[in-house]
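Data block below; observations after.
The values are calculated or read from the model by the stated rules, or taken from the named source; none is laboratory data. Predicted model only: the values in this text are computed from it and were never measured. With ideal geometry, Cβ positions are generated from the backbone for all residues, glycine too; neighbour counts draw on all protein chains shown. With ligands, DNA and RNA removed, areas are computed over all heavy atoms of the protein, side chains included. Shrake-Rupley method; radii C 1.70, N 1.55, O 1.52, S 1.80 Å.
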Amino acid sequence: MDLSVALIVAASFAVLCTFYIGKRILTIDFSEYSSENSKKAKLERLLAKKDTPLQNSKIRRDIRKAFERILIPLGNADQDLLPARMDMAFRNKIVSQINRLNRNKLCRRIYITDVVPVPKNDFETWNDDGREWRESVLKCSTLERFESTEDNKVQHEIYRKNSYLRILQSRHIRRTDQKEKKKSYYNDMLSITCPSCGAGVKLDSQQVTCEYCGAVIKNEFYDWQTEAFEIYEAISTNLKRFVQLLVSGSILFLCVFLCLYLIEDTEISLAAGVGAAVLTFGGIITPIICGKTKQEKLAGKIVRYSENYLRACLNEHFWENENDEDLLDFSVGTIKLLKVAHTEETTTVTADIFGTETFLPENQKPYTEKFKKRLIMQRARYPEKRKVDGEFFAEKDCPSCGANFMPDENHCCSFCGYGLQVNNAKWIVKKNQ
C-alpha cells in the first residue's frame, strides 16, 4: 500500500478506535472552563475571610478538625497550638518546620476552597500491626503562602488548582478487642451517659471530667494520633485516562501504519497491526503488573508488615540524620521493596525510598528537591505484639505519642500502646547504599 494511503487508513482506524473507547471511559465536563472556575474566581474564594481554613467546606466535623489541628498551627507559626495527640517523629518534624518559619519571621498559610471529598465524605479505615488506621484525602483548590509575621507581606506563594490534602491517623487496639475482627473498634464509644448525674459526656481522651457534676470518668479505648499530613498536586483521573488513551491511540496508529505499508493484503495487515498493538500494550503493562505482584509477595514474607509503620520509622531516621539547617519539610513517598532476607532472629529488608525535601534558605524563596535512597533496614523477625492495658504504676513521657501517661504492667504506653521497654518491631536503618 502507498505511503500516503497507509497513513490515512491507519490514522482513520486509530481515531475511530480511540473515539469509541474514549466515549465510554471519559467524562466530558465543560464546567471546568466556566468563569467561576477560572483562576481569578478561585483566588477570590481562596482569600475570602474565614475564621478557620475549612470553614463552610461542608465536610464532616471530625474530618475538618483533623486537618485544622495541623493547618492552624502552621498558619500562625505557633507550636503551642499543635494537638496533644501526634506521632513523636511527626511532631518533631512539624515543630522544626515552625521554628524554621519563626527564624525567617514567616508563617505558612494554606488557603482552601472548593473542597470535594474523595471518594466520599468519610475516613477510609483499616487495621494492621495492632493499630486501627484512618485516612482522609480532600480534593480541593489551594493557595499556599509564606507570609511575613511582621507586616503580612507575601514572600512566596504556590497556587494549586487540583490539590489534595491528606491526613493519616492511628490508634492502638487492645488485644482483647482484636479478637472481634471489626473494621472499626471504638466508634460506638464516642459519648456516654454520666453514671453520676445522667448528663451526656463526650469521650475525647482516656480520662474526662463531667462538666455538670465533676465526676471523673476513665474510658478504655485509645484516642487518634496524627501520623502524617501532606499537600500535593496531581492530575485528575479524567486527564490521566485521556493521556493513556492518547498514548494507546498513537501506538495503535504506528503499528497499523507499518503493517499496512509493509503487507500488501489490507485485511491481513489490519489484523497484524491490531495484533502488534496488543503485544506492545502487553509488553508495557506486564512489567507493571509483575512489579506490583513482586511487592505484594515481598511484603507477605514479613511478619506483621505495616507500610505505614515502616514509613514512620523512616521519617524518624531522616529526621535524626538531617543536618541541613535550611530544611523546612520532607516526606517519604513510594517505598519499593527489593529484597527480604530472614535469619532465625531478624528480618533484613533492602528497599528504594523515594521522597521530597523542601528547603527555606534565609531571605530566599523555598524550593523542593526529590530524592532516592537505597536503604538496608532490620528488625526482629517475630516482633512482640503490643499488649493490653494493665495497672498503672509509673509516670513516663511516651517516645511515640509524647503523652505523659503511666505505662501498663507490660511496659506499654497506656495511651497509644507503644512498647516502652522493648520495641523490637521498629525498623533500624543499617546501611545507606
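Here are the numbers:
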read-out: Candidates N127, N102, N121 - the one that is more than 18 Å from the chain's Cα centre (by Cα) and open to solvent by 20 Å² or more (accessible area, probe 1.4 Å); value: N102
read-out: Residues of the stretch 339-373 satisfying the condition of being out of contact with any strand residue (DSSP E or B) (no Cβ under 7 Å at 6 or more places or on another chain) and assigned to a loop (DSSP other than H, G, I, E, B); value: T343, E344, P361, E362, N363, Q364
read-out: L82 being under 30 Å from D151 (Cα atoms), in contact (Cβ under 8 Å) with a residue 12 or more places away in the chain, surrounded by 13 or more Cβ atoms within 10 Å (Cβ to Cβ) and more than 19 Å from the chain's Cα centre (by Cα); value: yes
read-out: Enumeration of residues in the stretch 70-112 that are among the aromatic types (F, W, Y) and modelled with pLDDT under 90; value: F90
read-out: Failed condition for R175, given (1) buried (at least 18 other Cβ atoms within 10 Å of the Cβ); (2) at pLDDT below 85; (3) among the basic types (K, R); value: (1)
read-out: Given (1) among the aliphatic types (A, V, I, L, M); (2) closer than 22 Å to E157 by Cα; (3) surrounded by 15 or more Cβ atoms within 10 Å (Cβ to Cβ), index of the condition V95 fails; value: (3)
